[in-house]
Amino acid sequence: MERNTFLLQDTEAFMRGELDNVTVAGGSIVLDLVQGGYVPYGCYTSAPIPLPLFDALWPSWNAATPPDTAVEMQVRVLVDGNWTAWMAFGKWSLYLQRAGAAPRERGPLQLTPDCLLLDSKCATQAQLRIYLYSKNDKATPAVHLLGATVRMVDVIPSGGRPVNRTLHLMPYIQKRRAPALAPWMDLAISLASLTNRWGADILPEEFAQTLRDWRAADGCDCRNISFAAAAAGSWGFPAWLCWGGLSVLRDEMRKGYGAVVALQATPAEKERGLPDRRFAAVRGFVADASAPKVLLCDPWADGTDFDAETAMLLDDFLVAWDNIALLMRRRTEEQPAWAPTRGSAWVRPVGTDHPGLYRLYVNGEERPIPDDFCAEGGLLAWTTPDDHPHATTAHRAFHFVEPEDGGIRLDTADGPRKYTVYLIDTAGCMMVGDVTV
């Protein structure tokens, strides 16, 4: 681990901190259990963390958040021998409209939704705190990982030893994904590129729902990279942020891991329609002595999904990259109990009075789709089999539609075929059903 990146995970590491109405069980921080019920809130505070002199900090956390539970990450730093006030990065849960911190200033501190900046000051230590909340005495959140990475002052990040390796990540392009989630879909796609190479088969739309930052427009990037790390953790993939140089990415590649990075667009790229800042997954390096390149899965590519497999000159990459990377590890179990749920549904026609209209049934009970389901942030889509099989479900052609009269209208003009219907709510939970028409 880089000396400017600090991670807390497992029982031994957590036990070195201060526990207030929380305990450590099964390698995670959970609320205290009193007389058969969990207390409504508790707090874990790490010991002070010595770090190299720094002027920016990005927090990370991975936590299970069942319905009616949430966590809230806070950070403070040591400046000129004094601790600053605690700065909160917003409540996190799959089951609420999570919002990152609104931008604000407090003395030398500048808080953005996923970063703490110091203006004209530097810090030497940090301390992490996370609150756990529950409205249900039978449920508790469980914190699996806490982390912080800092930007070191007057340090040029190391380039490390060159590596020549290509990983087979899953490529997807933004133009084929849900239009309603476009503002943060490139970050969600990049996560899916990393996880789906291990057979997870998570839709980018599922990730997009779990990492969405619902805060009101505030002039900051609507893509919260701390929320992205937490979203990956929701599916059991340990993920955290790391500030560093090319050596970090090269070391990850040697170990067989990709990374998610943000890239600043050049004027020429902006003229081609690329945004000022975009996210992509690093899938390898070509260590050519004359023109070394970084291999990417770039969601902003044109064409088909596999056109997302692009290459960028190393020198251009180092200019565009902000030195922050989201790193990830393989999950230890196939589908953790705390992951967003997936359920099955029957898809049945409404009747001859409504040709082409279908409704969902679960355990024999009709489940009408609210008319405002998509307006409130949900997604409704259908697919049909393509001419050839795909490596992942997300490579299929999705048709995103609005609900109609409690159901979904399917385009049945081309004759009998199998339709698969997908219903994804704002927690990333999905209902899937098939029907042959």
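The values are calculated or read from the model by the stated rules, or taken from the named source; none is laboratory data. These numbers were taken from a predicted model, which means no experiment stands behind them. So basically every Cβ, Gly included, is an ideal-geometry build from the backbone, and we count neighbours across all protein chains shown. All accessible areas refer to the heavy atoms of the entire protein, side chains included, with ligands and DNA or RNA removed. Shrake-Rupley method; radii C 1.70, N 1.55, O 1.52, S 1.80 Å.
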How many residues of the range 302-315 are part of a helix (DSSP H, G or I) and open to solvent by 80 Å² or more (accessible area, probe 1.4 Å)? The answer is 2
Quick count over the range 330-349, residues being farther than 28 Å from residue 418 by Cα and at pLDDT 95 or above, is 1
Going through the range 201-242 in order, the residues found to be small (Gly, Ala, Ser), open to solvent by 10 Å² or more (accessible area, probe 1.4 Å) and either at pLDDT 95 or above or not in a loop (DSSP other than H, G, I, E, B) (or both) are 236
For residue 23, the lone unmet condition from (1) under 25 Å from the mean Cα position of the chain (by Cα); (2) open to solvent by 40 Å² or more (accessible area, probe 1.4 Å); (3) among the β-branched types (Val, Ile, Thr) is (1)
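Report whether or not residue 95 is in a loop (DSSP other than H, G, I, E, B) and among the hydroxyl-bearing types (Ser, Thr, Tyr). Walk me through how you get there before you give the answer.
Values: in a loop (DSSP other than H, G, I, E, B): yes; among the hydroxyl-bearing types (Ser, Thr, Tyr): yes.
Yes, satisfied.
Residues in the range 64-78: is at least one within 25 Å of residue 152 (Cβ to Cβ) and of a type in the set (Asp, Glu)?
If we filter the range 64-78 for residues that are within 25 Å of residue 152 (Cβ to Cβ), which is where we start, we get 73-78.
Filter again for of a type in the set (Asp, Glu), leaving none.
No, the range 64-78 has no match at all.
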Going by the structure shown, is residue 102 part of a strand (DSSP E or B) and either among the hydrophobic types (A, V, I, L, M, F, W, C) or more than 24 Å from the chain's Cα centre (by Cα) (or both)?
-> no
Filtering the range 62-92 down to residues that are assigned to a loop (DSSP other than H, G, I, E, B) and touching a Ser or Thr at 6+ places or on another chain (Cβ under 7 Å) yields 65, 68
Residue pairs within 8 Å by beta carbon, gap of at least six or interchain, first lying in the range 9-21 and without any contact (Cβ under 8 Å) to a residue 40 or more places away in the chain and aromatic (Phe, Trp, Tyr), second part of a loop (DSSP other than H, G, I, E, B) and open to solvent by 60 Å² or more (accessible area, probe 1.4 Å), listed first then second, are none
All conditions in (1) open to solvent by less than 60 Å² (accessible area, probe 1.4 Å); (2) basic (Lys, Arg); (3) within 25 Å of residue 47 (Cβ to Cβ) are true of residue 121 except (1)
